[in-house]
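Report on the structure given below.
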Amino acid sequence: MGRSRHTFGPGPNTLLCDGLPVAAVALAEDAPARAKGLLGTDAVEGALWITRCPSVHMMGMRYPIDAATLDRDGRVLAVQTLRPWLGLTWPRRGAAATLEAAAGSMRDWGITVGSVLAVAATAGGPSEL
């Protein structure tokens, strides 16, 4: 019998792109959640918003992902697709967070450099990210 598949997500909140809902999103706000990220998973459904994370690496990852680097206001500074084990994002001036999702998701959701992202809680309005 093969290894079981472990999918991350979907998160309990809603990702907004320029005010429009685009996907489910989970938040990694504490140090253990930020350090783990998507490690140990085989797929991601929705997205993971990693606070206080100006760059990410793909060491130990099993699948490609899209990564968007965000400033404090949620404005997208860069978007790139990262390969397993080899990919990384370089720290950028003004970077404050990283959004991770399945490869191709950022394009599908219309997320580009300059887009403004936010998180809306399931039962309420936009959060204070």
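Descriptive notes on the structure:
- The residues on offer are Val25, Val79, Val56, Val44, and the sole one that is within 11 Å of the chain's Cα centre (by Cα), over 21 Å from Val116 (Cα atoms) and surrounded by 15 or more Cβ atoms within 10 Å (Cβ to Cβ) is Val44.
- Check on Thr41, among the polar types (S, T, N, Q), under 26 Å from Arg5 (Cβ atoms) and in contact with a Cys (Cβ under 9 Å, 6 or more places away or on another chain): no
- Every residue from the range 1-51 that is touching an Asp or Glu at 6+ places or on another chain (Cβ under 6 Å), assigned to a strand (DSSP E or B), of a type outside the set (Val, Ile, Thr) and over 19 Å from Ala96 (Cα atoms): none
- The selection criterion, being farther than 20 Å from Thr7 by Cβ, within 12 Å of the chain's Cα centre (by Cα) and at pLDDT 95 or above, holds for Leu70.
- Of all residues making up the range 66-97, the number that are within 14 Å of Cys17 (Cα to Cα) and touching a residue at least 40 places away in the same chain (Cβ under 8 Å): 6
- Within the range 102-112, one or more residues are assigned to a strand (DSSP E or B), surrounded by 15 or more Cβ atoms within 10 Å (Cβ to Cβ), within 12 Å of the chain's Cα centre (by Cα) and aliphatic (A, V, I, L, M).
The values are calculated or read from the model by the stated rules, or taken from the named source; none is laboratory data. These numbers were taken from a predicted model, which means no experiment stands behind them. Virtual Cβ from ideal backbone geometry, glycine too; neighbours counted across all protein chains shown.
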